[in-house]
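Heads up: the structure comes next, in structure tokens.
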Amino acid sequence: MKIKAPKGMRDFYPEDMRRQNWLFDAWRRASRAFGFEEYEGPIFEDLALYTLKSGEGIVSEIFHFESRGGDHFAIRPEMTPTLARMVAARANAMPAPIKWFSLPRMCRAERPQRGRLREFFQWNADILGVEDPLADAEIIALAVEFFRSVGLTAEDVVIRVNSRRLAAAALTSLGIAPERHEQAFALIDRHERLPADVFDTMWTEAFGESPSAGRLTEFLKTSSREETLRLARESGEAGAAAADQFDELWTRLDEFGVSDWRAFDLRIVRGLAYYTGIVFEAHTRGGELRALLGGGRYDDLTGLLDGPRVPGVGFGMGDAPVFEALKSLDKLPTPGESLDVFLIDADAALFPQVLRIAGELRQTGLRVDFSYKRAAIGKQFRQADARGAQVAIVVGAELAARGELTVKHLASGAQRGVSTNELRDDAWKALGLKPA
Ligand code: HAM
């Protein structure tokens, strides 16, 4: 019987793993450059952790199961509830700002499509314990730093930024009562993914003709930042405070040097129920529909888990959408195998020396391999090339004669004799290599 991997799940062969690790390295490097520390959580959690804020509706989007003891668990569909749970448990012992990142693997019961899988990895970066828009700006600057580091520019990617509090003021001005804003946000969030007529019908069913779906979408699309801020300031104290915070975010983004990457967009409201303030998504300028990342401010999540109130802001970025974007922009690298040394015997009788030297070099942290089959020197050199080795070391008659090995740098072809004493002293230096 032939059994394939389930739909929307991936096998990672070594060449795929090289690409994954390339991305993980870039995610980790950007996070650490901004002073973030890595954390992890469990692969499944109590189902209640996800239904608590989002309601039972979320269950259809989650892979969940019942344990023999009757407990209801869910494979994590996102990291933010786990993060909030972990921070809530220790909130009093941690000085702010808490700057944490994670690269969790997660599952969502969604229909697999381009850039959206049922199992994926998602870079999460969050700053907790800070209400100042400085944190929101730094989190956006971090995302930009990653995009830059993988060769993307502000011409490739745009970060569309909004604030739920500004959007709420705008909805109120259109006559939608505050208690219905969350429902409106959930629908507006789906607006770009739904065919226009389907959205119109859904909107009219939920909100009637006032405002009409057409008027709403036109309003969201054309409202400039200045107009929206003015409207918010006129709407009362809360709106004015939201406008001031948004202004501060904008200034900070200037100071972080990322103004080319941002755009105000009233249509970004984010579907998740826990966002309370600034929200943002990154998209390719080419206009692919699905987001490369999504995030925002959530100031009430830890309180919901019976912890003290710890405000937070952060984002999640999936591996699959990033790979799709890089591929469509022709910027996806194909990392080769990385081996430092390939050992070659000039004569099968010297093979035991190959194993001995390999053992010594491996202890220094060098990545070392050799051929399993005894073959002519030329063939072994070809193997060294094919494996992406930086240097080949030939173990020949000079070893017994004067304690010397021949070291060849495969890229340049440069070749020289290296004594075993030199190798023992400092193998990296003797071979002219540096740790990656
Ligand atoms: P989200 O909008 O559900 O937010 O997902 C954020 C990002 O995760 C998406 O923009 C996309 O890059 C990636 N993603 C989502 N679903 C899939 C999928 N099926 N396959 C591949 N990639 C996917 C959250 O998850 C929030 N918890 C993010 C957050 C962190 N907010 C604050 N902190």
Going by the conditions given, is residue 433 open to solvent by less than 30 Å² (accessible area, probe 1.4 Å) and over 19 Å from residue 346 (Cβ atoms)? yes
Is it the case that segment 356-378 has a residue that's open to solvent by less than 10 Å² (accessible area, probe 1.4 Å) and either closer than 30 Å to residue 267 by Cα or within 16 Å of the ligand (Cβ to nearest atom) (or both)? no
Residues being closer than 20 Å to residue 238 by Cα and either open to solvent by less than 10 Å² (accessible area, probe 1.4 Å) or modelled with pLDDT under 95 (or both) - total across segment 279-298: 3
Looking for something within 16 Å of the ligand (Cβ to nearest atom), of a type outside the set (Gly, Ala, Ser) and farther than 30 Å from residue 411 by Cβ - is there at least one such residue anywhere in segment 320-338? yes
Look at residue 146 and say whether it is more than 30 Å from residue 230 (Cα to Cα), in the same structural domain as residue 45 (by TED's automatic domain parsing), modelled with pLDDT of 95 or more and more than 10 Å from the ligand (Cβ to nearest atom). yes
Among all residue pairs at least 6 apart or on different chains, which show Cβ distances below 6 Å where the first residue, located in segment 9-32, is of a type outside the set (Ser, Thr, Tyr) and the second is surrounded by fewer than 16 Cβ atoms within 10 Å (Cβ to Cβ) and at pLDDT below 95? 11/5; 18/335; 22/335
Condition first: under 17 Å from the mean Cα position of the chain (by Cα) and surrounded by 14 or more Cβ atoms within 10 Å (Cβ to Cβ). Can you find one or more residues in segment 40-51 that meet it? yes
Considering each of 63, 24, 44 in turn, give the residue that is touching a Cys at 6+ places or on another chain (Cβ under 9 Å) and either in the same structural domain as residue 304 (by TED's automatic domain parsing) or within 16 Å of residue 139 (Cα to Cα) (or both). 63
Return the pairs, sorted by first residue and then second, in which the second residue is acidic (Asp, Glu) and crowded, with 20+ Cβ neighbours inside 10 Å, the first residue lies in segment 64-90 and is in contact (Cβ under 8 Å) with a residue 12 or more places away in the chain, the beta carbons are less than 8 Å apart, and the residues are 6+ apart or on different chains. 80/126; 83/126
State the number of residues belonging to segment 309-326 that are within 17 Å of residue 112 (Cβ to Cβ) and buried (at least 23 other Cβ atoms within 10 Å of the Cβ). 2
Within segment 322-341, can you find the residues that are in contact (Cβ under 8 Å) with a residue 60 or more places away in the chain and not in a loop (DSSP other than H, G, I, E, B)? 322, 323, 324, 325, 326, 340, 341
Looking at (1) open to solvent by 10 Å² or more (accessible area, probe 1.4 Å); (2) within 21 Å of the chain's Cα centre (by Cα); (3) within 16 Å of the ligand (Cβ to nearest atom), which is the only condition residue 301 fails? (2)
Residues (more than 12 Å from the ligand (Cβ to nearest atom) and closer than 30 Å to residue 243 by Cβ) located in segment 90-133: 91, 96, 97, 98, 99, 129, 130, 131, 132, 133
With the checklist (1) at pLDDT 90 or above; (2) within 12 Å of the ligand (Cβ to nearest atom); (3) acidic (Asp, Glu) in hand, flag the one item residue 189 doesn't pass. (1)
Out of 282, 263, 291, I need the residue that is away from the ligand (no atom under 16 Å from the Cβ) and either in a strand (DSSP E or B) or closer than 29 Å to residue 117 by Cβ (or both). Which one? 263
For segment 155-168, indicate whether the set of residues that are over 18 Å from residue 271 (Cα atoms), part of a strand (DSSP E or B), modelled with pLDDT under 95 and within 16 Å of the ligand (Cβ to nearest atom) is non-empty. no
For the condition closer than 29 Å to residue 323 by Cβ and either assigned to a loop (DSSP other than H, G, I, E, B) or among the basic types (Lys, Arg) (or both), what is the one hit in 131, 110, 138? 110
Scanning segment 101-139 for residues that are open to solvent by 10 Å² or more (accessible area, probe 1.4 Å) and among the acidic types (Asp, Glu) gives 110, 119, 131, 132, 138
When segment 206-255 is checked residue by residue, the ones that are part of a loop (DSSP other than H, G, I, E, B) and either open to solvent by 10 Å² or more (accessible area, probe 1.4 Å) or charged (D, E, K, R) (or both) are 208, 209, 210, 212, 223, 224, 235, 236
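The values are calculated or read from the model by the stated rules, or taken from the named source; none is laboratory data. Every value quoted in this text rests on a predicted model; they were computed, and no experiment measured them. All Cβ positions, glycine included, derive from the backbone under ideal geometry; neighbour counts span all protein chains shown. Accessible surface areas use protein heavy atoms only, side chains included; no ligands, DNA or RNA. Shrake-Rupley method; radii C 1.70, N 1.55, O 1.52, S 1.80 Å.
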